[in-house]
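The structure appears right after this line, and notes come after that.
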Amino acid sequence: MNFPFEPYKIKVVEPIRCTTREERCRLLHEAGYNLFQLPADGVTIDLLTDSGTSAMSDSQWAGLMVGDESYAGSRSFYRFEAAVRSLCGYRHVVPTHQGRAAEHLLFSALVKPGMCVPNNMHFDTTRANIEYREAEALDLVVKEAYDPHCELPFKGNMDVGRLEATIERVGPDRVPFVLITITNNSGGGQPVSMANIRVTRQLLNRYRIPLFFDACRFAENCWFIKEREPGYADVPVREIARSLFSLGDGCLMSAKKDGLANIGGFVSLNDAAWARAITNHLILVEGFPTYGGLAGRDLEAMARGLEEVLDEGYLRFRVGQVRYLADLLERGGVPILKPIGGHAVYLNAKEFLPHLPQFQFPAQALAVALYREYGIRGVEIGSVMFGTRDPHTEQSTHPNLELVRLAIPRRVYTNSHLMYVAESVIDLLQRRDSIGGLLLTYEAPQLRHFTARFEEAALAETSVHSAGIAVLPR
Ligand code: F0G
């Protein structure tokens with residue numbers, strides 16, 4: 001057997017609603033061809049995100065019942081705090097309702113206008129929260145990360161040479177901290193090696209710059225370290241995680257991923273003064289420090305999730321299931337980003353739809369077609385998410401990669417659901433010439449991908465390359 005089977009039995013089921021193509025065409029039109037705007041009821045297999053979409057275990061559901069809803073000093077908080085401390089080893093634990101709230105709190109305390117925050121690669125909310133503070137969010141991942149064919153075991157690694165050059169260029173005083181995102185979501189769910197983190201740490205020690213992890217998918221990253229990095233095959237994942245966190249000064253966490261919870265997050269760190277500043281701000285915007293915008297039962301679910309996620313049988317299956325989908329797609333000739341990441345398979349839209357120019361948003365067009373034909377929802381990670389348009393000159397910029405991420409929710413879909421997904425994508429590949437591009441008709445000033453609206457470009461226009469102006473006149 002090539003792939004591990006699901007290491008759980010199914011105790012509760014949720015029906016999946018099937019839709020017709022006609023209904024999906026109508027829903028797409030109403031949604032302005034933005035899959036974030038679709039009603040989830042109209043989606044058959046939802047691979048939009050692995051965030052907040054996990055199936056909780058029987059133990060987590062039982063935990064909800066014993067959640068302590070006291071405003072102050074909740075028993076569930078202390079359980080949660082102990083779980084985070086034993087995982088990360090940092091002194092202070094500040095609960096937040098999700099990852100971006102943790103970002104907002106940490107950045108409010110440490111990031112000032114004109115500063116620069118390097119990361120291997122910022123996620124969209126991380127970048128937006130830094131830019132919101134009028135600072136620069138720099139991506140310094142190794143250059144191979146931008147080559148969808150290059151197979152490196154740790155393609156999420158920080159380019160330490162460029163990091164050093166950046167610190168020298170801007171001056172250490174303007175770098176409040178460095179982030180490392182594990183795994184690198186925006187770059188294909190690629191892991192970062194322990195060796196790379198250690199070298200980064202040594203460099204930052206020289207400049208006295210703190211190191212934080214964006215740790216949403218820490219367990220998947222640690223599993224890759226166990227599988228791929230020499231010397232770790234026999235080390236328990238929990239110990240790998242402990243060593244990894246010990247190289248940092250703190251972390252930001254969206255527990256909606258490797259916390260196996262539907263909501264929740266935290267900041268954990270060693271510095272008492274920063275913890276105090278964050279806690280005071282938390283009281284203003286999130287809630288009292290022993291619940292941080294969450295119900296006591298959510299803290300209980302997170303505490304249990306953070307332990308379950310380190311189960312090696314679970315992790316072997318988790319990473320194996322993503323690889324299973326990728327293998328089926330590759331056998332069908334589908335161009336995908338290599339190597340396979342921890343939480344998602346990324347379709348390479350530039351190669352899938354070579355007839356579409358980037359200004360017609362090939363990755364968005366592919367995601368739309370996948371939904372229209374089969375009811376499968378993925379997410380665009382390309383020009384819509386990371387492109388920009390200057391409102392004065394109307395000139396657009398586009399990122400290197402045009403990807404459609406098929407994110408696999410944790411413990412939700414079986415391998416046969418993924419077989420349906422693979423068959424659908426392979427079928428679409430045969431008919432790719434019929435897929436037309438899209439034109440942007442509305443965008444918000446920040447995080448435009450959530451609310452952007454599009455119109456279908458006529459197929460005939462599709463092969464006409466223009467000066468890169470992608471937006472319809474308003
Ligand atoms: N950092 C990374 C690397 C993420 O992937 C996310 C969320 C966040 C921070 C923010 O966390 O959603 O709890 O506020 N990623 C989700 C995704 C939304 O679909 O990849 P949040």
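If I fit a long axis through the Cα atoms of helix 296-308 and take the longest principal axis of the Cα atoms of the chain, what angle between them do I get, 0 to 90°, rounded to 10?
The answer is roughly 80 degrees.
Under unit Cβ charges (Lys, Arg +1; Asp, Glu -1), what dipole magnitude, rounded to 20 debye, does segment 1-79 have relative to its Cα centre?
Values: 8 positive and 11 negative charges, 25 e Å.
For this selection, approximately 120 debye.
Return the FRET efficiency for the residue pair R201, Q446: r is the Cβ-Cβ distance, R0 is 22 Å, and the value is rounded to the nearest 0.05.
Working: r = 32 Å, r/R0 = 1.46.
Working from the Cβ atoms, E equals 0.10.
What whole-number distance in Å separates the alpha-carbon centres of segment 58-92 and segment 265-289?
That distance is 16 Å.
Is segment 76-182 best put as rounded, prolate or oblate by its Cα gyration tensor, with a ≥ b ≥ c the root eigenvalues, rounded for a/c under 1.5, and otherwise prolate when a/b is larger than b/c, oblate when not? Walk me through the numbers on the way to the answer.
Working: a/c = 2.02, a/b = 1.34, b/c = 1.51.
It comes out oblate by the Cα gyration axes.
Might you tell me the accessible area per residue for segment 345-396, computed with a 1.4 Å probe and given in Å²?
Working: 1380 Å² over 52 residues.
Heavy-atom accessible area per residue stands at 26 Å².
Which ³J(HN,Hα) values, rounded to whole Hz and listed in residue order, are derived for segment 107-123 from phi using the Karplus coefficients 6.51, -1.76 and 1.60 in 6.51 cos²θ - 1.76 cosθ + 1.60 with θ = phi - 60°, glycine and proline given as x?
Ordered by residue, 3J(HN,Hα) equals 5, 4, 7, 10, 9, 10, x, x, 7, 9, 10, x, 8, 4, 7, 6, 6 Hz.
Give me the percent of DSSP beta bridges within segment 155-264 that run antiparallel, rounded to the nearest 5.
Numbers: 1 of 8 bridges.
Antiparallel: roughly 10 percent of the beta bridges in segment 155-264.
Classify segment 270-345 from the C-alpha gyration tensor, please: rounded if a/c falls under 1.5, else prolate or oblate depending on whether a/b exceeds b/c.
Working: a/c = 3.33, a/b = 2.44, b/c = 1.37.
Prolate, since a/c reaches 1.5 and a/b exceeds b/c.
Rolling a 1.4 angstrom probe over the protein heavy atoms, how many square angstrom per residue are accessible across segment 16-57? Each step should come with its number before you reach the end.
On the way: 1880 Å² over 42 residues.
That works out to 45 Å² per residue.
With the full set of protein chains in place, find how many percent of the accessible area of the chain is carbon and sulfur; take the probe as 1.4 Å.
Numbers: 10120 of 18910 Å².
Carbon plus sulfur share of accessible area: 53 percent.
For segment 64-163, which trypsin sites (Lys or Arg not before Pro) are both in a DSSP coil and crowded by at most 11 other Cβ atoms within 10 Å?
none
Restricting to the chain, compute how many DSSP beta bridges are antiparallel as a %, nearest 5.
Values: 27 of 41 bridges.
Here the share of antiparallel DSSP bridges comes out near 65 percent.
Starting from segment 8-44, pick out the trypsin sites (Lys or Arg not before Pro) whose DSSP state is loop and whose Cβ has at most 16 other Cβ atoms within 10 Å.
K9, K11, R17
Can you tell me the Rg and the Dmax, both Å, for the Cα atoms in the chain?
Taking only Cα atoms of the chain, I get Rg and Dmax of 21.9, 64 Å.
What distance in nm separates the two pseudo spin-label positions at E455 and V235, each 7 Å out from Cα along the beta-carbon direction?
According to this spin-label approximation, the distance is 5.7 nm.
Sum -39500 (n - 2.57) across every DSSP H segment of at least 4 residues in the chain, then divide by the residue count to get the 222 nm mean residue ellipticity, nearest 500.
Helix-only estimate at 222 nm: -12000 deg cm²/dmol.
Along the positive direction of the dipole of the chain (beta-carbon charges: Lys, Arg +1; Asp, Glu -1; about the Cα centre), which of I180, A102, L247 reaches farthest?
With unit charges placed on the Cβ atoms, the residue in question is L247.
Between segment 178-243 and segment 293-355, how many Å separate their Cα centres?
17 Å
Using the basic label-point model (7 angstrom from Cα toward the beta carbon), what is the R208 to N400 distance in nanometres?
3.5 nm
Please grab the % of Cα pairs in segment 183-300 that end up more than 26 Å from each other.
Summing the P(r) tail past 26 Å for segment 183-300 gives 28 percent.
Each residue of segment 56-61 in order: what ³J(HN,Hα) in whole Hz does its phi give by Karplus 6.51 cos²θ - 1.76 cosθ + 1.60, θ = phi - 60°, with x for Gly and Pro?
Residue by residue, segment 56-61 yields 7, 7, 4, 5, 5, 4 Hz.
Just to be sure I understand the model, the point goes 7 Å from the Cα along the line to the Cβ. What's the resulting H392 to R242 distance in nm?
A separation of 5.6 nm, rounded to one decimal place.
Counting other C-beta atoms within 10 Å, and keeping those with at most 13, which DSSP coil chymotrypsin sites (Phe, Trp or Tyr not before Pro) do you find in segment 81-147? Spell out each step's value before the answer.
Numbers: sites: Y90, F107, F123, Y132, Y146; in loops: Y90, F123.
Of the chymotrypsin sites (Phe, Trp or Tyr not before Pro), not one in the loops of segment 81-147 has a Cβ with at most 13 other Cβ atoms within 10 Å.
The values are calculated or read from the model by the stated rules, or taken from the named source; none is laboratory data. Here the structure is a predicted model, which means the values were calculated and not measured. Cβ coordinates were reconstructed from backbone atoms using ideal geometry, including for glycine residues, and neighbour counts include every protein chain displayed. To get the accessible areas, we keep the full protein, side chains included, count just its heavy atoms, and leave off ligands, DNA and RNA. Shrake-Rupley method; radii C 1.70, N 1.55, O 1.52, S 1.80 Å.
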